[in-house]
Amino acid sequence: MTETTPPAEEQSALTRRELLNYAWLASLGVLLVNVGGIGFLFSMPRFKQGEFGGAFSLGRASNLPPVDAPPANNPKGKFWLTRTDQGLVALYKVCTHLGCLYAWRDQEGKFICPCHGSQFEYDGTYIRGPAPRSLDRFVIQVLGPDGQVLAETDPETGAPLPTPDDADAIVQVDTGRKILGKRRG
């Protein structure tokens, strides 16, 4: 009887099926990483100073329009700035009825929506028409010289922000923070 030595452990060669499985898994991994990265970047806010959804600086408080002057139109920020006896109001330029863009009418002294005729007072309060509520507002902030917030529109009531006493204070409108108008009736 001859004794045979066990064969040396052979290196298992990579089969074609295994190679294709590894290639498929690698391509699936690359696809998932790309989709995850794109999804993450898409979900991150990209609002910048001076573009809708961000903050718009109106400059120093001394440069604000006088009380009861015609509303100041800001097309990039999509808001009207009005200054009443109570203070400053930034009105979103979209009608609360069906989303049309309304305009200020000097002859009538009110905002009128051209689509269905909703009408609003100088401060955005509902007068008449099919709109379900007063005009929406944006938060206005008064900033000190070092950038700290000195005063801000109440996000619950949306009441006008009193005009700052400090002429050097900076006033800005935050279009990323909308306050829904008061419901009528």
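What the table below lists for this structure:
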| item | result |
| --- | --- |
| Every pair of residues 6+ apart whose Cβ atoms lie under 6 Å, when the first sits in segment 140-163 and is under 16 Å from T82 (Cα atoms) while the second is among the β-branched types (V, I, T) and in a loop (DSSP other than H, G, I, E, B) | I140/T153; P160/T84; L161/T153 |
| Pick from segment 152-185, criterion buried (at least 20 other Cβ atoms within 10 Å of the Cβ) and over 17 Å from the mean Cα position of the chain (by Cα), ranking: modelled with the highest pLDDT | V171 |
| Filtered residues of segment 112-139 (kept if touching a residue at least 40 places away in the same chain (Cβ under 8 Å) and basic (K, R)) | R133, R137 |
| Strands (runs of 3 or more DSSP E) fully within segment 126-185 counting 3 or more residues that are farther than 27 Å from L101 by Cα | 149-152 |
| Residue tally, condition of a type in the set (A, V, I, L, M, F, W, C) and either touching a Pro at 6+ places or on another chain (Cβ under 7 Å) or within 30 Å of D168 (Cα to Cα) (or both), over segment 104-156 | 10 |
| Residues of segment 63-109 satisfying the condition of being more than 21 Å from A167 (Cβ to Cβ), outside any loop (DSSP other than H, G, I, E, B) and among the aliphatic types (A, V, I, L, M) | L91, V94, L101, A103 |
| Considering residues of segment 60-106 that are small (G, A, S) and surrounded by fewer than 13 Cβ atoms within 10 Å (Cβ to Cβ) only, the residue nearest to P132 (Cα to Cα) | G99 |
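The values are calculated or read from the model by the stated rules, or taken from the named source; none is laboratory data. These numbers were taken from a predicted model, which means no experiment stands behind them. All Cβ positions, glycine included, derive from the backbone under ideal geometry; neighbour counts span all protein chains shown.
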